[in-house]
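Asker: One structure coming up, written as structure tokens, with questions to follow.
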Amino acid sequence: TRQRVLKDSKYFTCQCDRCSSTSHSDLASCLPCPVCHPRTGRYLDEDVMFDDGDEGDLTVSYATPKNGMTAEERSIECKGCNKITSFNPNEQSMRKKKEAACVNYMNKAEEKVYDRLEGNDSVTSNGSDGDNNLDVEKEANEQFYEMATSICGAKHWTTHFMNLSLIEESLANFQSTFMSMGQNPAEDAETMEELLTGIAESADGIERAWVYASGLNLKTDPSQWLFDYTVGLSRALVSLGDAKSQQYAAQWISKVEDYAEAFESDGMQKVVSSLKNAWKRHTSEGEESDKKRQKVA
């Protein structure tokens with residue numbers, strides 16, 4: 001993917017050691033091993049694609065591709081079965097042809113998601129209705145996420161970037177939803193239920209992103225990538241107003257606290273501190289209110 005970005009933006013194919021050496025594996029593009037987990041057509045079985053860890057004794061074995069821009073360049077190696085799968089259009093064995101086709105499916109999925117994230121694959125026109133645009137684009141992003149998950153699995157960058165794209169949309173909607181509440185109690189109850197579900201799904205997705213980013217062995221703090229999402233989730237949790245949610249927000253914000261202190265502006269550092277300590281203020285205000293009630297009684 002890095003080679004593709006450089007070729008599109010700088011008009012050359014990078015041949016640095018990391019990009020071209022066959023000794024380097026692309027940890028961001030791990031794929032469920034096609035030998036250990038045979039597919040039905042091009043799609044993974046559901047328990048394999050999500051790899052939730054709650055399917056009894058199932059352990060998903062992942063194959064790591066070599067760096068490269070074409071399917072032919074990107075053989076994948078599985079540490080579970082110690083098999084290397086290479087894409088060869090002229091392969092005669094039907095079984096090996098099906099296994100190797102997974103490398104080609106991965107490459108095509110990467111190209112589609114890359115174009116989507118770069119804005120080259122918008123499904124709406126500039127002249128159409130704004131709200132309708134948002135709905136159509138969100139639906140398209142959901143379809144891209146489903147495509148990435150079903151082809152590339154839970155530990156591939158296409159799945160995680162499309163997941164974060166959906167989370168970004170959700171986090172933006174949470175704040176506007178909070179501001180619109182307070183007019184109709186019956187509608188507010190239904191809206192709050194939807195909000196709680198959305199916040200829980202966002203928290204789950206961001207947690208998976210943290211696990212994924214931490215497993216890439218990067219020389220940079222995952223906070224550099226996930227700071228905005230983590231702060232956005234913490235804002236939504238604090239906005240719920242109860243101490244339990246605000247304590248949960250403090251747990252999340254602690255993940256990026258050191259990064260904020262080192263790299264963010266004074267204003268953002270104050271935001272992080274405020275989110276972290278919101279539950280303490282809530283508890284203190286509650287205790288003060290209790291004392292006043294006791295005095296009145």
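The values are calculated or read from the model by the stated rules, or taken from the named source; none is laboratory data. Keep in mind it's a predicted model, so treat the numbers as computed, not measured. So basically every Cβ, Gly included, is an ideal-geometry build from the backbone, and we count neighbours across all protein chains shown. Keep in mind that these areas ignore ligands, DNA and RNA; they rest on the heavy atoms of the full protein, side chains included. Shrake-Rupley method; radii C 1.70, N 1.55, O 1.52, S 1.80 Å.
Asker: Report yes if residue 221 is of a type outside the set (Val, Ile, Thr) and in a loop (DSSP other than H, G, I, E, B), otherwise no.
Answerer: Yes, satisfied.
Asker: Could I ask something else about it? Can we say residue 162 is within 21 Å of residue 37 (Cα to Cα), surrounded by 14 or more Cβ atoms within 10 Å (Cβ to Cβ) and modelled with pLDDT of 90 or more?
Answerer: No: the conditions fail for residue 162.
Asker: Return a yes/no flag: does segment 225-240 have any residue that is basic (Lys, Arg) and either touching a Cys at 6+ places or on another chain (Cβ under 8 Å) or at pLDDT 95 or above (or both).
Answerer: Within segment 225-240, one or more residues are basic (Lys, Arg) and either touching a Cys at 6+ places or on another chain (Cβ under 8 Å) or at pLDDT 95 or above (or both).
Asker: Can we say residue 251 is outside any helix (DSSP H, G or I) and without any contact (Cβ under 8 Å) to a residue 24 or more places away in the chain?
Answerer: Taking the combined requirement at face value, the residue does not satisfy it.
Asker: Could you say which residue among 85, 70, 64 is among the β-branched types (Val, Ile, Thr) and farther than 25 Å from residue 46 by Cβ?
Answerer: 70
Asker: Restricting to segment 255-273, name every residue that is over 14 Å from residue 232 (Cβ atoms) and assigned to a helix (DSSP H, G or I).
Answerer: 257, 258, 259, 261, 262, 263, 266, 267, 269, 270, 273, listed by residue number.
Asker: List every residue pair whose Cβ atoms lie under 8 Å apart, where the two residues are 6 or more positions apart in sequence or sit on different chains, the first residue falls within segment 1-20 and is at pLDDT 65 or above and among the aliphatic types (A, V, I, L, M), and the second residue, located anywhere, is open to solvent by less than 90 Å² (accessible area, probe 1.4 Å) and assigned to a loop (DSSP other than H, G, I, E, B).
Answerer: From segment 1-20, the pairs are 6/13; 6/14.
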